[in-house]
Every structure is written in structure tokens, then in C-alpha cells.
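Below is one structure, written out as C-alpha cells, with a few remarks after it.
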Amino acid sequence: MGKLELNVALIGCGAVALQNHVPGLAQCPGVRLAALCDSDPVRLEAARRSTGAEIVSHRYEEIVSREDIHAVIIATPNVTHAPIAQAAIAHGKHVLCEKPLAMSACEAWAMADAAERAGIRHMTAFTYRFVPAMRYLAHLVRRGDLGRPYHFRACRLQDWGQRPLGWRQSQSLAGTGELGDMLSHRIDFGHLLFGAIRRLVGHGRRFMSVRGDQPNEVDEWVAVLADFRNDATGVWESTKLATGRNESWRSPDTVELNGSEATFVYDTRHWNHLWVGRAGENDLKRIEVPREFWTWPGSPRDPHQGNPLLTFRYDQIWEFVQAIREQRPCAVTFEDGARVQEVIDAILRSFETHQWVELPDWA
């Protein structure tokens with residue numbers, strides 16, 4: 001495939017797709033958003049008008065079977081991720097799929113295995129891996145600046161109030177609520193920074209039985225306590241009901257790491273710096289993220305253009321496209337998505353049993 005001929009199809013034309021993926025495609029030279037697919041005709045037509053894509057369909061089967069489509073981005077309700085991805089893989093398409101990757105670990109691993117057998121590029125959309133401060137934090141941990149890891153803790157607080165959430169409040173369509181929606185990213189943070197989780201216990205709550213005029217069937221708050229295989233501890237909390245804490249990139253999204261040599265604190269809202277406390281010191285100090293971490297390697301994105309709390313997401317598409325062109329694995333694969341799904345499944349088992357759950361050792 002030449003560098004100037006990559007046609008991409010977007011399957012699912014909701015807000016996430018148009019806000020994150022379409023601008024990301026636009027920054028990649030020689031890449032064309034060639035096709036759109038959505039089951040909602042009104043949403044599909046609005047996306048066609050805003051993007052100018054020439055091919056539209058309500059059926060993903062028509063899109064993934066086209067010879068002139070080389071890659072697909074899946075941004076649909078969670079229950080449809082696996083069937084769409086498997087159909088795309090069967091037709092040799094490269095696939096970027098939104099998180100959570102599937103409705104179960106079994107389903108997610110089947111997607112990963114099929115993608116590997118087909119030899120296509122596959123990526124799970126763990127977008128926050130592309131935040132410059134998270135990239136720099138991962139670099140510092142790999143370099144050994146933390147010392148022996150002691151504690152990982154992540155906290156995601158948003159105020160979504162009582163508004164309806166559409167398909168995201170349906171268990172049959174979403175699988176889970178806050179667990180798969182927001183905590184999945186923070187589980188991935190744990191894997192990225194500390195590696196595999198050995199065991200965990202979790203608790204989840206639903207406070208509103210109805211949102212809008214539809215039943216709300218999924219969790220709105222989740223907390224998890226875990227042991228990593230590197231002997232560190234992990235604590236996660238995530239909620240949609242932190243009244244007055246705002247939402248999206250305006251709301252608290254923090255990670256703190258404690259080790260024998262240092263403490264590091266990350267906050268998504270502060271994309272270009274971290275806080276660090278060294279052994280023997282009594283307070284945290286702000287440190288700047290070096291310029292080389294502001295964009296993904298090779299990305300043409302100008303970090304001074306637009307809101308950097310939004311535009312870092314475009315680098316995810318750049319990495320996907322470069323992996324296709326360079327015929328190498330993506331930086332975040334379906335395997336990463338399946339490992340997070342293993343943890344989600346374990347948390348759900350803990351919800352039901354009120355007990356600790358052991359996880360498989362994939363390290």
C-alpha cells in the first residue's frame with residue numbers, strides 16, 4: 001500500500017467519533033475518511049454533511065466488505081464491537097476499536113486472536129495513553145525513578161447529574177456503566193505503569209434507577225482494591241455522581257504513584273507537567289514535561305493549536321496510521337484491551353460474590 005492511499009471507514013458517528021477520530025484522520029497526510037456507517041439515519045446524514053465522506057451505509061457489512069476500504073474505526077455501542085471487528089478482520093481490514101473492547105474477556109481475546117492470525121493492525125482506543133504527562137510518567141517509571149513500587153491509586157470524578165445516557169445506561173448494550181466507560185482507562189494506566197494485577201476486590205453502586213424516561217441498569221460508581229504482581233497495591237475509584245466536580249477534561253482525573261525513591265502525581269487537566277516528591281523531601285514539586293513528549297513521535301500536530309486537553313487525542317489516529325504503514329504492531333493493541341477486559345470481568349465477579357478474585361497471569 002502506498003503512503004498516499006489509505007481509505008478509512010468510520011463505523012458509528014456519535015460525538016466521540018466526530019470529536020476524537022475525525023480530526024485525527026485530518027492531520028494524517030494521504031489518509032481519507034472515505035466511508036461512514038451508523039444505524040441512525042439522522043446521525044449518519046449529519047456526519048456525511050460535516051465530513052464530506054462519499055460512501056454511507058446503515059449496514060457495517062456493506063462497508064467492511066468493500067475492497068476500497070483499508071481500515072475501520074469502530075465507535076459503536078459496546079455490544080457491537082466484537083461482531084463488527086470480526087467482520088472487518090475477516091475482510092482483511094485494519095481495526096481501531098473503542099473501549100471497552102468487548103462484552104467479556106472471552107470475546108475480547110477472540111478478537112485479538114483473529115486479528116493476529118489475519119496479520120492486520122489492531123488497536124484499542126485507550127486514548128489517555130497519549131496525554132503527554134502520562135507518556136512522561138510512564139517513561140520515568142520505566143527509567144526506575146520511582147524505585148520499588150509501593151502504591152498505585154487512580155481517581156476519576158465527574159458530575160453527570162441525572163441526565164439520560166442513551167445506550168450507555170442499558171446493560172444489554174453497554175455491559176457495564178462507569179466500570180467500562182471510565183474505569184477501563186484507569187485499569188489500563190495500572191497495567192502500563194505497574195504491570196499485571198494479581199487479585200482484586202470491587203464494589204459498585206447504581207444510585208438512579210431511571211435516567212430520562214428510561215431504566216438505568218448499570219453502575220454509576222465503582223471502587224477497586226488490588227494487589228499487583230510486582231507486590232504493589234492498587235486503589236481505583238470512579239464516579240459519574242461527584243456533584244459540582246464538572247465533567248470530561250474539566251473534572252478531576254488523577255493518578256498517584258508511591259515508590260521507595262519518589263512519589264509522582266498525574267492529573268489529565270495538566271497535560272504538560274507532573275508533581276514529584278523525592279525521598280527525604282516533605283512536599284511535592286511541579287516538574288515540566290519535556291517538549292519531546294508533547295506529541296507522539298512523528299505526529300504533525302502542533303500542541304500550541306487548539307485545546308491541548310482535547311487535541312492530544314488526535315495522536316492516537318496518527319499512531320494507528322503509522323503502524324499500518326510501517327507494518328508493525330500498534331502501541332496499544334487488542335491484547336491490551338483484552339487484559340483490561342479480564343480485570344473488568346473479575347470486578348464483576350467480585351460485585352456478585354463480595355469476595356477477592358484471582359486474575360490469570362499474562363505477564
Distance in Å, no decimals, from the C-alpha centre of the range 2-54 to the one of the range 284-317 is 23 Å
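How fast does the chain diffuse by Stokes-Einstein, in µm²/s, taking the Kirkwood radius from C-alpha pairs at 10 °C and 1.306 mPa s? Kindly include the intermediate steps, with their values, before the conclusion.
Working: Rh = 21.0 Å.
Reported coefficient: 76 µm²/s.
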Answer check: the range 1-93, Cα atoms, Kirkwood Rh, Rg/Rh ratio of 0.93
To the nearest 10 degrees, the tilt of helix 184-194 (Cα long axis) against the first principal axis of the alpha carbons of the chain is 60 degrees
The size of the Cβ-based charge dipole (Lys, Arg +1; Asp, Glu -1) of the chain about the Cα centre, to the nearest 20 debye, is 600 debye
Stretched fully, the stretch from Trp362 through Arg142 gains (0.36 nm per residue minus C-alpha distance, one decimal, in nm) 77.3 nm
On the formula 1/(1 + (r/R0)^6), with r taken between the Cβ atoms of Glu288 and Glu62 and R0 of 56 Å, the FRET efficiency rounded to 0.05 is 0.70
Relative contact order of the range 6-127 (C-alpha contacts under 8 Å, at least 6 apart) in percent is 23 percent
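Counting other Cβ atoms within 10 Å, keep those with at most 12, restrict to DSSP loop, and tell me which GluC sites (Glu not before Pro) in the range 92-187 are left. Please report the intermediate quantities before stating the final value.
Details: sites: Glu98, Glu107, Glu116, Glu178; in loops: Glu98.
Loop-located and lightly packed - none at all.
Report the FRET efficiency, 1/(1 + (r/R0)^6), for Asp40 and Glu217, where r is their Cβ-Cβ distance and R0 is 30 Å, rounded to 0.05.
Working: r = 21 Å, r/R0 = 0.70.
Here the calculated transfer efficiency is 0.90.
Rounded, prolate or oblate for the range 135-218? Axes are the square roots of the Cα gyration tensor eigenvalues, ordered a ≥ b ≥ c, and the cut-off for rounded is a/c under 1.5. Intermediate values should be presented prior to the final figure.
Values: a/c = 3.11, a/b = 2.62, b/c = 1.19.
Prolate.
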If one builds a Gaussian network model of the chain from Cα atoms under 10 Å apart, the most fluctuating residue listed among Thr76, Thr51, Thr353 is Thr353
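Neighbour counts of other C-beta atoms within 10 Å: give me Cys97, Cys330 arranged from fewest to most. Before the final figure, lay out each step's value.
On the way: Cys97 28, Cys330 21.
Least to most surrounded, the residues fall as Cys330, Cys97.
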Inter-part gap, Cα centre of the range 125-154 to Cα centre of the range 225-267, in whole angstrom, is 12 Å
A student applying the Cα gyration tensor rule (rounded when a/c is under 1.5; otherwise prolate if a/b is larger than b/c, oblate if not) would label the range 178-325 oblate
All alpha-carbon distances of the range 305-356, grouped into 5 Å bins from 0, give the whole-percent distribution 5, 16, 14, 13, 13, 13, 10, 9, 5, 1
Projected onto the charge dipole of the chain (unit charges on the beta-carbon of Lys, Arg, Asp and Glu, signs +1, +1, -1, -1), the Cα from Ala133, Gly337, Ala196 with the largest positive-side position is that of Ala133
GluC sites (Glu not before Pro) in the range 227-306 lying in a DSSP loop, each with at most 16 other Cβ atoms within 10 Å of its Cβ, come to Glu247, Glu261, Glu281
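For Leu225 and Asn307 in the same chain, what is the full-extension length gain: residue separation times 0.36 nm, less their Cα-Cα distance, in nm?
Details: separation 82, 0.36 × 82 = 29.52 nm, distance 3.41 nm.
Working it through step by step, the gained length comes to 26.1 nm.
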About its Cα centre, the range 287-363 carries a charge dipole, from +1 on Lys and Arg Cβ atoms and -1 on Asp and Glu Cβ atoms, whose size in debye to the nearest 20 is 320 debye
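Where a number appears in this text, it was derived from the coordinates with a stated rule and is not lab data. All values reported here derive from a predicted model rather than from experimental measurement. Cβ coordinates were reconstructed from backbone atoms using ideal geometry, including for glycine residues, and neighbour counts include every protein chain displayed.
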